[in-house]
Amino acid sequence: MAFFLIAIVIFSAIGTTSKDILNNIKLGLDLQGGFEVLYEVKPLDGGKVTESVLTSTQGALERRINVLGVSEPNIQIEGKDRIRVQLAGVTDQNNARKILSTQAKLSFRDFNDKEMMTGADLKEGGAKQTFQDNKPVVEITLKDSKKFKEITQKISQMEPGTNVLAIWLDFEEGKDSFAKVESQDNMISAPQVSEVFNTNTVYITGQFTVEEAKELASLLNAGALPVDLKEVYSTSVGAQFGEEALNKTIYAGILGIALIFLFMLFYYRFPGFIAIVTLSIYIYLTLLVFDWMNAVLTLPGIAALVLGVGMAVDANIIGYERIKDELKLGRSVKAAFAEGNKNSLATIFDANLTTLLAAAVLFIIGTSSVKGFATTLIISILMSFITAVYGTRLFLGLWVKSGIFDKRPGWFGVRKKDVHQLSEKLDLVDLRTRFDRIDFVKHRKVFYGISTAITIIGIIFLFVFKLNLGIDFTSGTRIEIGGDKPLTTQQIETEMNKLDIEVKDINFAGTNNEIGVVRVIGVLDKEEIAELKDHFSKDFGVEPNVSTVSPTVGKELAKNALIAVVIASLGIILYVSVRFEWRMAVPSVVALIHDAFFVITLFSVLRLEVDITFIAAILTIVGYSINDTIVTFDRIRENLRKKKKIKTVEELEEIVNISIRQTLTRSINTVLTVLVTIIALMIFGSESIRNFSIALFIGMVCGVYSSLYIASQFWLDLKAKELKQKGTLKTEKVKRESLEGQV
């Protein structure tokens, strides 16, 4: 009754608040369209970029974004001289880009381009859109009418044809000139002055639409930028691409999660049902915390949420497998539940903490969508620990304590023939498994040889083929062109030639090659990007996605990626050394490096593109690989403690064999549940995270192999060496509690 009452309250709350939470969550630009740009801030007059300059520039950009009417923009100062701007949901990206980077330095000049007045002469907030002769104009209010009188008096006395007061926006010395018609791109208007004006109100006229006049007035009110902004990184996603990516990935996620639910119910029976309940709460809590944090959900973020479900299942599986083991020893359901929970907590904690470490490194070093992935992954890990450990124990505990399962171990997936009697006084090491015929340590040198051979071949392949690096690491421009119809190389090349854009290579994605991925030599500037977007929007009906990375940023991303992997590896070595021993820490890192290298090699052979999300995948593999290894090591340590002394290598081999056999079901079930979600993302998810999903798939399979045949076996050899040196190994004796006392 308590279970049902609690469940009704919780799921009623979920049902009544979910819609609002989902509506409140901010979607990233890769899910709703928009653009992101990283500006390098450069002083105008040889000055220095100080903190106050960055802050004032940030304020000026915010005022300009208000002109665009974009809801919830994200403007962040990065480092000493950079500002990142993210605008999701922008309909006219070209116009937004222009407004952001335009200096908005207003100047009034005579026929000879001599500066007469500047924007500093404008009254603050004194620009507005109005009408003159039924035509849209911009009315500006000057601070000093006397100064304007003197200027108009001087210009009105000039010869006809030269008596003009040209109004410029961002006049460039040496480039712009009134005398040269072809150099008047930045000129707004050039009225002739034939009389003296004693007023502080000036009208800027031109071939404006109402919107253009309003935009100019708002831009002038926002003020000129105190610096020059240079784009060093940018990415833009068309609204149609974003919506399609969102729908595909959500569909893939729902499918993957549904399959996990079915598996848990089928394999673990009633505890599987409890897992479904807690996993549903986990998904809700993750989204709730995400909403509270006002975080931005990106495409990799959704992948992290779906992946998190697979990881949350892992904690349930570890606990359930341990309860099943305790039931097989002959404990009552209540005693098995208590003992299983107690002994599995440390394993779950260690496994989650190491994955959390890799996610934290990603968050600190990553940028943009990678940071979004890391944010979701961190929240997912924390929420999965809370729900899988405390939620599952609460709900399952209510049923167990009711006594309904006292004589029904089958409800936990344990067959009666596998249950021993308490009088046998068996321990975990005495339990038989379905894998008892497999000797995992006998042929360890063969597996060492296989892994070494693969590594050598991989190094050769990397030298020959190298990695197919994306623009994130090599700099350049990447363009995604899409539509409803299949595309051809010739078709894309023809369109690029029309725009005078030199193509490096062309690849295709989608079921019928309906998406063309073009890499361009060099970095396109904002004018070229605007022309490209207009061209394809007109001819193809869909705005292309465009990403640019400068050489400087490309090198930084590559360096940060290497640093991230090194920091994560060192952190894991340190933690495992403290928590276990260095002989377990070193094999753990060797195994995860083995996994990461294998993924890198396959990407080289298959010519799959390596971008910044690939690093996110590698670090996720690092975290998950160590997760699987730690579960095995934890059981090795526990079984090792059952013995007072180890005198022979054979005893060590037996312990490793038994530990692997006992945890193998957990390893298989966990990787299956995670792979189900990854496969769903690979097949049904967005093209944008296809390579990311492939990397995870390869890495997860590799992680199971390395924990079984690399990490455990390497520890065995290190421990055998220690045994030979010492003659005998003393182990920490675990106090054996009376089984009868727990009935």
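Some observations on this one:
- Compared with the dominant Cα axis of the chain, that is its longest principal axis, helix 444-465 is turned about 20°.
- Relative counts (whole %) of C-alpha pair distances in segment 442-596, using bins that are 10 Å wide: 9, 25, 24, 18, 15, 7, 1
- Spin-label model distance (nm) - Val419 vs Glu243, 7 Å beyond Cα toward Cβ: 5.8
- For Tyr390, the solvent-accessible surface with a 1.4 Å probe is about 130 Å², rounded to the nearest 10.
- Computed 3J(HN,Hα) for segment 13-30, one whole-Hz value per residue from the Karplus formula 6.51 cos²θ - 1.76 cosθ + 1.60 where θ = phi - 60°, is 5, 4, x, 7, 10, 4, 4, 5, 4, 5, 6, 7, 5, 7, 8, x, 5, 6, glycine and proline marked x.
- Solvent exposure, largest accessible area first (probe 1.4 Å, DNA, RNA and ligands not counted), of Leu619, Leu5: Leu5, Leu619
- Structure note, pairs Lys123/Lys230; Lys42/Lys180; Lys98/Lys555; Lys48/Lys371; Lys80/Lys559: Cα-Cα distances above 20 angstrom occur for Lys123/Lys230; Lys42/Lys180; Lys98/Lys555; Lys48/Lys371.
- In order through segment 305-320: 3J(HN,Hα) via Karplus (6.51 cos²θ - 1.76 cosθ + 1.60), integer Hz, x for Gly, Pro: 5, 5, 4, x, 4, x, 6, 5, 4, 4, 5, 5, 4, 4, x, 5
- These residues, Arg393, Arg331, go from largest to smallest accessible area, 1.4 Å probe, as Arg393, Arg331.
- From phi via Karplus (6.51, -1.76, 1.60), per-residue ³J(HN,Hα) for segment 262-275 in Hz, x at Gly/Pro: 5, 4, 5, 5, 5, 7, 9, 6, 5, x, x, 5, 4, 4
- Pair Lys721, Ile404: separation of 7 Å Cα→Cβ label points (nm): 5.5
- Cut-off under 5 Å, modelled amide H: who pairs with Met116 long-range: Phe108, Arg109, Asp110
- Within the accessible area of the chain (1.4 Å probe), percent carbon and sulfur: 57
- FRET efficiency estimate (nearest 0.05) - Cβ-Cβ, Ala179 to Gln207, R0 22 angstrom: 0.55
- Accessible surface of Asp418 - all protein chains present, 1.4 Å probe, nearest 10 Å²: 50
- The chain: angle of helix 526-540 to the longest principal axis, Cα-based, in degrees nearest 10: 80
- Projected-area average for segment 605-710 over all orientations - Cα convex hull basis, square nanometres: 7.8
- Counting only heavy atoms of the protein chains and using a 1.4 Å probe, Thr629 has close to 0 Å² of accessible surface.
- Computed FRET value (nearest 0.05) for Ala7 with Glu78, which takes r as the C-beta separation and R₀ as 41 Å: 0.35
- Exposed-loop-free span, longest in the chain, where GluC sites (Glu not before Pro) count as exposed if DSSP calls them loop and at most 13 other C-beta atoms lie within 10 Å: 196-501
- Nonlocal amide H pairs with Val610, under 5 Å, H built at 1.01 Å: Asn468, Leu469, Gly470
- With a cut-off of 17 Å on the backbone N, the residues of segment 495-510 near the modelled label site 7 Å out from Lys466 along Cα-Cβ are 504-506.
- About its Cα centre, the chain has a charge dipole of approximately 4920 debye under the convention of +1 per Lys or Arg Cβ and -1 per Asp or Glu Cβ, with nothing else charged.
- Estimated 222 nm signal from helices in the chain, with DSSP H stretches of n ≥ 4 weighted -39500 (n - 2.57), rounded to 500: -20000 deg cm²/dmol
- Listed residue (Val277, Val227, Ala245) projecting farthest to the positive dipole end of segment 182-279, Cβ model: Val277
- Computed label-point distance, nm, for sites Lys98 and Lys19 using a 7 Å Cα→Cβ extension: 4.1
- Inter-centroid distance (Cα atoms) of segment 323-337 relative to segment 463-531, Å: 60
- Only alpha carbons enter this Debye calculation for segment 289-356, each as an equal point scatterer, and the log10 of I(q)/I(0) it gives at q = 0.13, 0.16, 0.18, 0.21 Å⁻¹ is -0.51, -0.66, -0.75, -0.86.
- If the chain linking His535 and Arg607 were pulled fully straight, counting 0.36 nm for each residue of separation and taking away their Cα-Cα distance, it would gain 22.9 nm.
- Percent of Cα-Cα distances greater than 21 Å, calculated over segment 161-254: 60
- Accessible surface, 1.4 Å probe, highest first, among residues Met1, Met383: Met1, Met383
- Overall, the ratio between the Cα radius of gyration of the chain and 2.2 N^0.38 Å, rounded to two decimals, is 1.21.
- With R₀ fixed at 56 Å, the C-beta to C-beta distance from Thr494 to Ser194 puts the FRET efficiency at about 0.60.
- Chain lengthening between Glu124 and Ile459 when straightened (0.36 nm per residue, less Cα-Cα): 114.2 nm
- When the convex hull of its Cα atoms is viewed from all sides, segment 402-509 shows a mean projected area of 17.7 nm².
- Chain lengthening between Gln132 and Val701 when straightened (0.36 nm per residue, less Cα-Cα): 197.7 nm
- Cα centroid separation - segment 187-221 against segment 341-400, whole Å: 59
The values are calculated or read from the model by the stated rules, or taken from the named source; none is laboratory data. Fair warning: this is a prediction, and the values are worked out from it, not measured in the lab. FYI the Cβ positions are ideal-geometry reconstructions off the backbone, even for glycines, and counts take in every protein chain you see. Accessible surface areas use protein heavy atoms only, side chains included; no ligands, DNA or RNA. Shrake-Rupley method; radii C 1.70, N 1.55, O 1.52, S 1.80 Å.
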